1. Answer yes or no: is there a residue in the range 139-154 that is surrounded by fewer than 19 Cβ atoms within 10 Å (Cβ to Cβ), hydroxyl-bearing (Ser, Thr, Tyr) and away from the ligand (no atom under 13 Å from the Cβ).
2. Does THR162 count as touching a residue at least 12 places away in the same chain (Cβ under 8 Å), part of a strand (DSSP E or B) and within 15 Å of the ligand (Cβ to nearest atom)?
3. From the set of residues in the range 227-237 that are surrounded by fewer than 18 Cβ atoms within 10 Å (Cβ to Cβ) and either over 17 Å from TRP309 (Cα atoms) or more than 16 Å from the ligand (Cβ to nearest atom) (or both), which is farthest from the chain's Cα centre (by Cα)?
4. Out of the range 295-328, which residues are surrounded by fewer than 16 Cβ atoms within 10 Å (Cβ to Cβ) and either under 18 Å from SER30 (Cα atoms) or within 16 Å of the ligand (Cβ to nearest atom) (or both)?
5. Quick check, is LYS219 of a type in the set (D, E, K, R), closer than 25 Å to GLU287 by Cα and assigned by TED's automatic domain parsing to the domain that holds PHE292?
6. When the range 165-189 is examined, which residues are found to be part of a loop (DSSP other than H, G, I, E, B), at pLDDT 95 or above and not polar (S, T, N, Q)?
7. Out of everything in the range 67-99 that is of a type in the set (D, E, K, R) and buried (at least 21 other Cβ atoms within 10 Å of the Cβ), what residue ends up being nearest to the ligand (Cβ to nearest atom)?
8. Tell me, which residue of the range 191-218 that is in a loop (DSSP other than H, G, I, E, B) and within 12 Å of the ligand (Cβ to nearest atom) is surrounded by the fewest Cβ atoms within 10 Å (Cβ to Cβ)?
Amino acid sequence: RAYRVAILGATGLVGRTMATILEERGFPVSELIPLASERSRGQEVIFNGKPYVTQVPSREVFKGVDIALFSAGASASREWAPVAAAEGAVVIDNSSAFRMDPDVPLVVPEVNPEALFDKDGQPEKIIANPNCSTIQMVVALKPLHDRYRIRRVVVSTYQSVTGKGKAGRDALEDELSGKIPEKFTHVHQIAYNAVPHIDVFLDNGYTKEEMKMVNETRKIMGDEGLSISPTTVRIPVYGGHGESLNVEFEEDFDIDELRSLLTSSPGIIVQDDPGSNLYPMPLSSYEKDEVFIGRIRRDYWNPRTLNLWIVADNLRKGAATNAVQIAERLLGRL
Ligand code: 2RA
């Protein structure tokens, strides 16, 4: 059977990528229902060669929708997810609105697919898609945690301007072309710069983006004891987010065994050959759906600790691909 699929935020960078990925992966869509704010009403979204006109969300519009992919920000999700769910749709929500709600599963299919279903095997009505910087990290950490038990992770991110959507990308292009705005989209100039400030600062001195990496990782991995120490940084690149990790384990590890473990784990491509200058980069991860890992090496000072470098396309595996992979797991169960 084919499904009626709505995309809320259909004209944004993630929403458009969701439609592209549904199409690329041959997801069985009988009708696409693109939704967005008043500003985008009437814009066309081309899907499988057919134009679909963007509407504004309403209770009516969600009637008969099987799957609703949301990427229009937390307040739109808070308003419309309960409505869509009440009308019978399963909502896969890319905003932060429900991620830490104990009644809502937060899912990365390679890590905790079992959380998608209730005890009767029915799909949960609202499913949260994690933050981009969390998704790529947990895909890499899961097999390592299962095998060597992680004690602590220190992570620094190098995040693409597209994490802030089209406005984030346009801001870099404008600044590079010499247009300096009155108010910077990335708080400070991002062209030729690096800004260690993503989302707002919290009372504990961390940013909201950093605390997402802490709290979401614990929830997805099902381990409240995991200690994660993040610093998140915006850099002037497109294509993907990079993350440098220092991971301390409970157990000893053999580096060759660890490398083969990562190579054989789902969703991961190891690109690690310093002799031929091979390691992942944002440009080479662009438009790819996997998580790329390289620079795998033992910590110089602590033998139970590992250094590695992880890159993924933040609009794809960090957002749209993960959401569509969740939807794929629901096929046949709706
Ligand atoms: C960012 N993590 O990169 C955000 C996007 N969800 O700004």
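1. No.
2. Judged against the criteria, THR162 is not a match.
3. Applying the filter and picking the extreme gives SER227.
4. Matches in the range 295-328: GLU328 only.
5. no
6. GLY178, LYS179, PRO181, GLU182, LYS183, PHE184, HIS186, VAL187, HIS188
7. Among those that are of a type in the set (D, E, K, R) and buried (at least 21 other Cβ atoms within 10 Å of the Cβ), it is ARG99.
8. Looking at residues that are in a loop (DSSP other than H, G, I, E, B) and within 12 Å of the ligand (Cβ to nearest atom), I get VAL200.
The values are calculated or read from the model by the stated rules, or taken from the named source; none is laboratory data. No experiment lies behind these values; they were computed from the predicted model shown. Please note: Cβ atoms are built from the backbone with ideal geometry, for glycine as well, and neighbour counts cover all protein chains shown.
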